[in-house]
Amino acid sequence: MKKLLLTLMIAIFVIFAANTFGQTTHHADKREHNQKRRVKRGVNSGEITKKEGKSIKHSEKNVISYEKKAKSDGTVTKKEKARLQHKQNKASRKIFRTKHNGRDRN
């Protein structure tokens with residue numbers, strides 16, 4: 001009985017680990033959070049206009065939808081992670097350029 005229970009517990013752990021191992025995008029999630037915070041600060045300080053904020057949010061939605069697509073099959077490959085990072089780099093550059101373009105809300 002103990003052997004069966006132990007085997008069952010190991011099998012459940014292995015299945016759980018296999019399902020979550022390929023889906024880890026913790027770094028991408030952290031970057032996403034930081035970029036949202038940068039945009040919010042830019043809007044609050046007036047460095048980003050409302051129209052520019054909407055444009056940036058559209059870029060962020062593109063990154064989020066790609067991340068969901070990459071996770072949909074249960075595994076995020078190295079190629080998908082690289083493409084996700086590239087999309088986040090583009091979004092980050094867009095935030096920087098928008099915050100420093102000389103236009104402001106005031």
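The values are calculated or read from the model by the stated rules, or taken from the named source; none is laboratory data. Bear in mind the structure is a predicted one, so any value in this text is a computation, not a measurement. Note: ideal-geometry Cβ built from the backbone for every residue, glycine included; neighbour counts use all protein chains shown.
In table form, for the structure just shown:
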quantity: Unique residue being out of contact with any Ser or Thr (no Cβ under 8 Å at 6 or more places or on another chain) and modelled with pLDDT of 80 or more when the list is Ile95, Ile12, Ile48, Ile56; calculated: Ile95
quantity: In segment 67-106, the residues that are closer than 28 Å to Ile48 by Cα and in contact with a Lys or Arg (Cβ under 8 Å, 6 or more places away or on another chain); calculated: Gln88, Ser92, Ile95, Lys99, Arg105
quantity: Tally, over segment 24-55, of residues that are within 21 Å of Ala82 (Cα to Cα) and in a helix (DSSP H, G or I); calculated: 11
